[in-house]
1. Build a GNM of the chain with springs between Cα atoms under 10 Å: which of ASN185, ASN75, ASN32 gets the top mean-square fluctuation?
2. Which number do you get for Rg(Cα) / (2.2 N^0.38 Å) in the chain?
3. Which of the aspartates and glutamates could a cross-linker bridge to LYS215, judged by Cα under 20 Å and excluding same-chain residues fewer than eight apart?
4. Determine the percent antiparallel among the DSSP beta bridges restricted to the chain, to the nearest 5.
5. Using Cα pairs under 8 angstrom and six or more residues apart, how large is the relative contact order of segment 122-173, in percent?
6. For VAL321, VAL57, what's the fewest-to-most ordering of other Cβ within 10 Å of each Cβ?
7. Based on the alpha-carbon gyration tensor of segment 247-349 and its eigenvalue square roots a ≥ b ≥ c, which shape applies: rounded if a/c is under 1.5, prolate if not and a/b is larger than b/c, or oblate?
8. Can you tally the net charge around VAL104? Count Lys and Arg as +1, Asp and Glu as -1, for every other residue whose Cβ sits under 11 Å from the Cβ of VAL104.
Amino acid sequence: MKKIIITGGAGFIGSHVVRRFVNTYPGYEIINLDKLTYAGNLANLRDVEDAPNYRFVKGDIVDAGFIAGLFSRENPDAVIHLAAESHVDRSISSPIDFVMTNVVGTVNLLNAARNQWKGDYDSKRFYHVSTDEVYGTLGEEGLFTEETAYDPHSPYSASKASSDHFVRAYHDTYGLNTVISNCSNNYGSYHFPEKLIPLAINNIKNNKAVPVYGKGENIRDWLWVEDHARAIDLLFHKANPGDTYNIGGHNEWKNIDLIRLLCRIMDKKLDREEGTSENLIAFVADRAGHDLRYAIDSGKLQRELGWTPSLQFEEGLEKTVDWYLSNEEWLQDVTSGNYQEYYRKQYEG
Ligand code: NAD
Ligand code: TYD
């Protein structure tokens, strides 16, 4: 019996990781530790909330005393750490929240693991989920490998880079059994509509302008979220202590091309005349410090563990649109209240 604390399990990627572990490993006990910020939503886990091997604990990873108490009470065998402030635009307007959760919160978890597991690090595991944004930006050529030097530009990526360094330091200094993975942009169900794809789906559906930063020339490498969860599962079980893996979709899209593809899919799904949704595209002021291009070389994960993405992007995007169109209530819930205020500040000045 393995007891695993998954942090940030009520968020976008975390909910897919929790669902996968609860359903795949009935013999594991899964504890979802989440503060339920604006991005955390227990409705993301309705289908597993009554499973006998699942429990939710509400708590803040910034609260060191609470985290230490939780570790001593639960004595977990492993941590899969996803809790974070995750949106670049919010990090530009409020960097300190990112320092607190992403840096201080991660160090609190590392300290609790270190104290609780002292003398028995080998049989335990601290898995840290990170991003390709720590590597900074690429020009037209090249891919991020595990050897690429860190060069973060946004407060978000700087805070994630810092947390990665702390995780590595706890392995090198204290011998904690750590694993880090750095993944490219995810998309899929339960994605909070502040990020590009779900925001555009929601706006197109409501006939609202679709804001594209700058000229839409920036490139991201998109991966279906369930493929990310599958990679985390593999690495959690198979990676060597202290190791790092990149995870990516080999699926680069210029923002404007992605949005045009999405518009075509939405026209079809909503029975609109072709070209209707494209008229909603609005080029707006660029994001400060906007990284030009991210692209991941996930060759190490492919060679060593045989992982490859399972879905073609067009298919995945269509599945994602279908999910949003048939989960109207979820979308309504997450875009009411505070979201409206955020949207006004971010896009309407
Ligand atoms: P998300 O914003 O959807 O979810 C974050 C979750 O963390 C929420 O449930 C929130 O309530 C919780 N949380 C935030 N602060 C907390 C705190 N102080 N204590 C406890 N819980 C807290 O994020 P996501 O997109 O699912 O990303 C999850 C992880 O994956 C993050 O670490 C992120 O850096 C990383 N990542 C994301 C992407 C992506 O494309 N979204 C890509 C690569 C890596
Ligand atoms: P986002 O989904 O915020 O992810 P990240 O910044 O972590 O890559 O943004 C993806 C890309 O889309 C990025 O280049 C910024 C751009 N973008 C827009 O053009 N308009 C928007 O309204 C948003 C949220 C993002």
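1. Sorting by GNM fluctuation, first place goes to ASN75.
2. Here the Cα radius of gyration is 0.97 times the empirical estimate.
3. Here the aspartates and glutamates satisfying the reach criterion relative to LYS215 are ASP89, GLU140, GLU141, GLU194, GLU252, ASP257, GLU278, ASP286, ASP291, GLU348.
4. Counting only bridges with both partners in the chain, antiparallel ones make up about 10 percent.
5. Contact order relative to length: 37 percent.
6. By the 10 Å Cβ count, ascending, the order reads VAL57, VAL321.
7. Taking the square roots of the gyration eigenvalues as a ≥ b ≥ c, segment 247-349 is prolate.
8. -3
Only the coordinates and a few stated rules stand behind these numbers; no lab work does. These numbers were taken from a predicted model, which means no experiment stands behind them. Backbone-built Cβ (ideal geometry, glycine too); neighbour counts: all protein chains shown.
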